[in-house]
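Encoded as structure tokens, the structure appears first; notes follow it.
The values are calculated or read from the model by the stated rules, or taken from the named source; none is laboratory data. None of these values were measured; they are calculated from a predicted model. Cβ: placed from backbone, ideal geometry, glycine included. Neighbour counts: every protein chain shown.
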Amino acid sequence: MLPQLVAMDLVIRNGIIVDGNGGPAFVGDVGVKDGLVAQVGDLAEVVGIEEIDATGKHVMPGARTATGAVFFSSLSLHGAVRYWC
């Protein structure tokens with residue numbers, strides 16, 4: 001029997017995770033389910049309905065704007081891509 005994979009609405013893969021908890025940044029994945037951050041770390045066993053390759057980009061799950069809206073920001077020298085929840 002094959003293992004059952006966990007499904008997320010969105011998986012952002014291989015980003016440089018900056019979680020705002022004061023620890024060092026690390027390479028990992030962010031899983032989003034029902035508009036909320038559900039998992040952060042190695043999500044190799046997780047599939048996403050939508051997947052974004054963030055290799056070489058900083059990903060800040062749960063960062064807030066001045067208006068209080070939560071967004072993911074994936075930054076690079078070539079611009080920024082944002083995913084709003």
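For segment 2-29, taking the residues that are at positive phi and part of a loop (DSSP other than H, G, I, E, B), the one that is modelled with the highest pLDDT is identified as 22. Of the residues 28, 15, 35, the single one that is over 10 Å from the mean Cα position of the chain (by Cα) and small (Gly, Ala, Ser) is 35. Residue count for segment 16-32 satisfying the condition of being within 24 Å of residue 5 (Cα to Cα) and crowded, with 17+ Cβ neighbours inside 10 Å: 7. Consider segment 53-83 and keep the residues that are buried (at least 19 other Cβ atoms within 10 Å of the Cβ) and assigned to a strand (DSSP E or B). The one that is modelled with the highest pLDDT is 59.
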